[in-house]
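Read the structure below first, then the notes.
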Amino acid sequence: MKWRREVRFGILPIILENIMRIYRNILSGNVRQIKRTGRKNNGTFLFYKTVWNVENKICGATDIELTELGHEQAMELGRKIKEEGVKIDEILYSPLVRAKETARHISKVTGIPMREEMRLKEQNFGKYESTPRNGEEFKKAKQNFINHFEGGETMLHLCQRIYNLLDDIRK
């Protein structure tokens, strides 16, 4: 209990704030974002609709394909990036097919090179994969940053993976 109190009132919530915002957006299905930062132009756009998104199921690390709408959304995003002249150096994508297909569509339209990045693999929600996103048990479980969801990955492990990637990108 003491550890949880320290996490709640310590520095960790500040560090995790942006990742949690992205995490909530992924769970809610609100995943479109383009961000231009500093000297390097980093584009953040996540995959679009999958069958499990439509069915309100947690995809996590399960390799689910895009729906036809998801393919159309990715192509539309590519057109929008090209039309607006957004400068992006490279598209990094997770090893999951939905991310690869999103990157492929955008790269095809824009000519931006793409590269698979293992550290971008979505969080594994263990026993909650394929369960309803708004399930009460899952809502409670995801409030604990050290919960591994019985066979999945903790939020702390996910954060470490992403922070290592961001450190490498900054170099």
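As a fraction of the 1.4 Å probe accessible area of region 69-109, surface on carbon and sulfur atoms comes out at 50 percent. Backbone geometry of region 81-90 corresponds, through the Karplus equation with coefficients 6.51, -1.76 and 1.60 at θ = phi - 60°, to 3J(HN,Hα) couplings of 4, 5, 4, 7, x, 5, 8, 10, 6, 7 Hz, x marking Gly and Pro. For region 54-152, the normalised intensity computed at q = 0.12, 0.22, 0.23 Å⁻¹ comes to -0.49, -1.06, -1.11 (log10 of I(q)/I(0), Debye sum over alpha carbons, equal scatterers, no solvent).
Ratio of region 65-105's C-alpha Rg to 2.2 N^0.38 Å, to two decimals?
Details: Rg = 10.6 Å, N = 41, 2.2 N^0.38 = 9.0 Å.
Rg over 2.2 N^0.38 Å, computed on Cα atoms: 1.17.
3J(HN,Hα) couplings calculated from phi for region 151-163 with the Karplus curve 6.51 cos²θ - 1.76 cosθ + 1.60 (θ = phi - 60°) are, in sequence order, x, x, 10, 6, 4, 5, 5, 4, 4, 4, 4, 5, 4 Hz; Gly and Pro show x. Taking Cβ atoms as reference points and 13 Å as the exclusive limit, the residues near V97 contribute a net charge of -1, counting Lys and Arg as +1 and Asp and Glu as -1.
The values are calculated or read from the model by the stated rules, or taken from the named source; none is laboratory data. Note that the structure is a prediction, hence the values are computed from the model and not measured. All Cβ positions, even for glycine, are placed from backbone atoms using ideal geometry, and neighbour counts span all protein chains on display. What goes into the accessible areas is simple: the full protein's heavy atoms, side chains included, and nothing from ligands, DNA or RNA. Shrake-Rupley method; radii C 1.70, N 1.55, O 1.52, S 1.80 Å.
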